[in-house]
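Enquirer: Quick one: this structure, given as structure tokens, is what I'll be asking you about.
The values are calculated or read from the model by the stated rules, or taken from the named source; none is laboratory data. Computed from a prediction, not measured in an experiment: that's the story for all the values here. Counting neighbours? That spans all protein chains shown, and the Cβs are built from the backbone with ideal geometry, glycine included.
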Amino acid sequence: MNDNETTFNTIFEDLKTSLRLAKNNLLSYLLANLGMALLLGVIFAVVSIPIISIVLLTGPHDWAVIGQIMTEWAQNNPWAIGGVGLLFLIPIASLFLIVVGSIFGMSKEVVETGETKAESAFSWFRHNFLTFAGTGVILTLIIIIPQVVVGGAISLAMNYQVPLLVSQILSVASFVYTFITVGLFAMVFPAVVNGKGVQEAFKESFSLATNRFDRVFGLITAIFVFFVLLFSPAIVWGLLVGSNPAMALNPASIAVGIYSAIAGILTLLLFLPMMIISFVKVYHELTGGEVFEGAKPDIPMV
């Protein structure tokens with residue numbers, strides 16, 4: 001078989017090997033995620049101090065007056081409100097992606113050596129904060145902001161009463177756009193943690209996604225299908241309950257709820273690390289990077 005040929009077995013091996021590596025480093029990822037969540041909480045708390053101070057220094061009457069003024073201003077300036085919302089959305093999304101970048105850094109170590117430590121995430125966070133931040137801002141501008149702007153503009157044009165058909169079309173278009181853009185830039189963080197600059201990382205990711213479309217988008221598709229199948233009981237049950245609310249009282253709801261809770265826990269502990277490891281692994285294989293022997297597919301000896 002040609003080295004450049006991608007088969008179902010290739011993608012399956014990517015996910016299987018990544019899942020094994022995630023399982024072997026489960027505790028490291030768990031501690032890193034808990035630490036990152038705590039760090040984000042501290043950052044948001046610090047940022048909220050001025051707002052909390054203003055709230056404590058003013059009374060209910062002041063806020064009632066301010067609320068009335070802001071409501072009238074928002075009704076007369078919807079585009080300005082949207083702009084302010086985007087100014088908040090971009091740094092929040094970017095901060096989250098900085099954390100994601102730190103987990104990618106851990107996963108680079110896993111792909112190269114088979115192991116990592118929780119403190120590695122904090123090291124990547126500290127030493128690559130600005131690079132991850134720049135990457136996060138650009139990804140937010142490419143993937144999220146256009147959808148928010150288009151959706152908001154259509155909602156505003158229809159006086160906030162979007163017909164069901166239009167809403168469904170927007171949902172499909174949003175999914176397609178997200179799938180394409182995520183695929184094109186799936187290798188950005190793997191490139192960044194391998195020492196590439198932000199601009200160079202975006203160029204390389206786009207190049208890999210277009211030149212090795214089968215491998216990159218094959219992996220994206222496999223991950224999407226995996227999560228759809230994982231949560232399919234909850235999805236199907238939600239559709240059934242939506243069409244027949246009385247089914248919410250069915251004892252099966254408890255079973256679906258328990259299954260969904262277990263699936264959610266496994267996703268946080270294993271499947272999200274598996275997904276990130278698989279991206280890094282594929283990047284290393286496509287660019288000739290170092291891959292731990294245990295992360296390589298088993299090749300039968302003939």
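Enquirer: Check off (1) outside any helix (DSSP H, G or I); (2) more than 14 Å from Leu286 (Cα to Cα) for Gln199 and give me the number that stays unchecked.
Expert: Going through (1) outside any helix (DSSP H, G or I); (2) more than 14 Å from Leu286 (Cα to Cα) one by one, Gln199 breaks only (1).
Enquirer: Have a look at Thr71, Thr140, Thr116 and point out the one that is out of contact with any Phe, Trp or Tyr (no Cβ under 7 Å at 6 or more places or on another chain) and within 30 Å of Glu293 (Cβ to Cβ).
Expert: Thr116
Enquirer: Another question, then. Restricting attention to the stretch 90-105, does a residue exist that is touching a helix residue (DSSP H, G or I) at 6+ places or on another chain (Cβ under 6 Å), crowded, with 17+ Cβ neighbours inside 10 Å, under 24 Å from Lys23 (Cβ atoms) and among the hydroxyl-bearing types (Ser, Thr, Tyr)?
Expert: yes
Enquirer: If a residue must be under 21 Å from the mean Cα position of the chain (by Cα) and farther than 18 Å from Ile276 by Cα, how many such residues does the stretch 157-179 contain?
Expert: 8
Enquirer: A further question follows. Within the stretch 170-219, track down each residue that is modelled with pLDDT under 95 and aliphatic (A, V, I, L, M).
Expert: Leu170, the sole residue that qualifies.
Enquirer: Let me ask you something else. Pull out all pairs, ordered by first then second residue, where Cβ-Cβ is under 7 Å, the residues are six or more apart or on different chains, the first lies in the stretch 78-89 and is at negative phi, and the second is assigned to a helix (DSSP H, G or I) and at pLDDT below 75.
Expert: Listed by first residue and then by second, the contacts come to Ile81/Ala74.
Enquirer: What are the residue pairs meeting all of these: first residue in the stretch 206-229, first residue in contact (Cβ under 8 Å) with a residue 40 or more places away in the chain and surrounded by 13 or more Cβ atoms within 10 Å (Cβ to Cβ), second residue in a helix (DSSP H, G or I) and aromatic (Phe, Trp, Tyr), Cβ atoms under 8 Å, and 6 or more apart or on different chains?
Expert: Leu208/Tyr283; Leu219/Phe279; Ile220/Phe179; Ala222/Phe12; Phe224/Phe179; Phe226/Phe271; Phe227/Phe271
Enquirer: So which residues in the stretch 158-205 are buried (at least 17 other Cβ atoms within 10 Å of the Cβ), of a type outside the set (A, V, I, L, M, F, W, C) and either within 17 Å of Gly288 (Cα to Cα) or touching a residue at least 40 places away in the same chain (Cβ under 8 Å) (or both)?
Expert: Those that are buried (at least 17 other Cβ atoms within 10 Å of the Cβ), of a type outside the set (A, V, I, L, M, F, W, C) and either within 17 Å of Gly288 (Cα to Cα) or touching a residue at least 40 places away in the same chain (Cβ under 8 Å) (or both): Pro190, Asn194, Lys196, Glu204, Ser205.
Enquirer: Could you please find all residues in the stretch 210-263 being more than 23 Å from Asn33 (Cβ to Cβ), outside any helix (DSSP H, G or I) and either among the aromatic types (Phe, Trp, Tyr) or within 23 Å of the chain's Cα centre (by Cα) (or both)?
Expert: Passing the criteria: only Arg212.
Enquirer: Can I ask one more? Quick check on my filter: what residues within the stretch 111-143 are within 19 Å of the chain's Cα centre (by Cα) and closer than 21 Å to Thr17 by Cα?
Expert: Scanning the stretch 111-143 gives no hits.
Enquirer: Looking only at the stretch 264-302, filter to residues that are assigned to a helix (DSSP H, G or I), surrounded by fewer than 17 Cβ atoms within 10 Å (Cβ to Cβ) and of a type in the set (Gly, Ala, Ser); which one of those is modelled with the highest pLDDT?
Expert: Restricting to residues being assigned to a helix (DSSP H, G or I), surrounded by fewer than 17 Cβ atoms within 10 Å (Cβ to Cβ) and of a type in the set (Gly, Ala, Ser), the top hit is Gly264.
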